[in-house]
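Inspection log for the structure reproduced underneath, given as structure tokens.
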Amino acid sequence: MRSNSDIVRGVYAAFGKGDVPAVLWGAFDPGIQWNEAESFLYADRNPYSGPQAVAEGVFQRIVSDVDGFTVAPGGA
């Protein structure tokens, strides 16, 4: 069984390779309920129900709104 940290590393690695489907449909539960912070721009569609809603309502909007958006692990 993979540890939580192994799963998170895999998610970052998939994002880093541009493999968004591996993240959304491989790592996220099909019943995911995603909420953006209450006063944040993308909270207008809370909750995002399911990977497709997260893809369209959060990640596609971020990529569209933020030039050069990338995801990279950091820290120790």
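Numerical summary
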read-out	value
Two-decimal Rg to Rh for the chain - Kirkwood Rh, Cα set	0.97
Projected label distance in nm at ARG2 and ASP44, using a 7 Å step from Cα toward the beta-carbon	3.4
Within the chain, chymotrypsin sites (Phe, Trp or Tyr not before Pro) in DSSP loop having at most 12 other beta-carbon neighbours inside 10 Å	PHE40, PHE69
Sparse-neighbour loop sites [trypsin sites (Lys or Arg not before Pro); the chain; at most 12 other C-beta within 10 Å; DSSP]	ARG2, LYS17
Max mean-square fluctuation residue, GNM over the chain, Cα-Cα springs under 10 Å, options GLY31, GLY50, GLY16	GLY31
Surrounding net charge for VAL54, when Lys and Arg each add one and Asp and Glu each subtract one, Cβ distance under 12 Å	-1
Total formal charge among the other residues, if their Cβ is under 14 angstrom from that of GLU36, Lys/Arg +1 and Asp/Glu -1	-2
Neighbour-count order for LEU24, LEU41, fewest beta carbons within 10 angstrom listed first	LEU41, LEU24
Degrees, to the nearest 10: 4-16 long Cα axis against longest axis of the chain	70
Sparse-neighbourhood loop sites, GluC sites (Glu not before Pro) in the chain - DSSP loop, at most 12 other Cβ within 10 angstrom	GLU38
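Every number here is computed from the coordinates shown, using simple stated rules; none is lab data. Source: prediction; values computed, not measured. Every residue, glycine among them, receives a Cβ derived from its backbone with ideal geometry; neighbour counts consider all protein chains shown.
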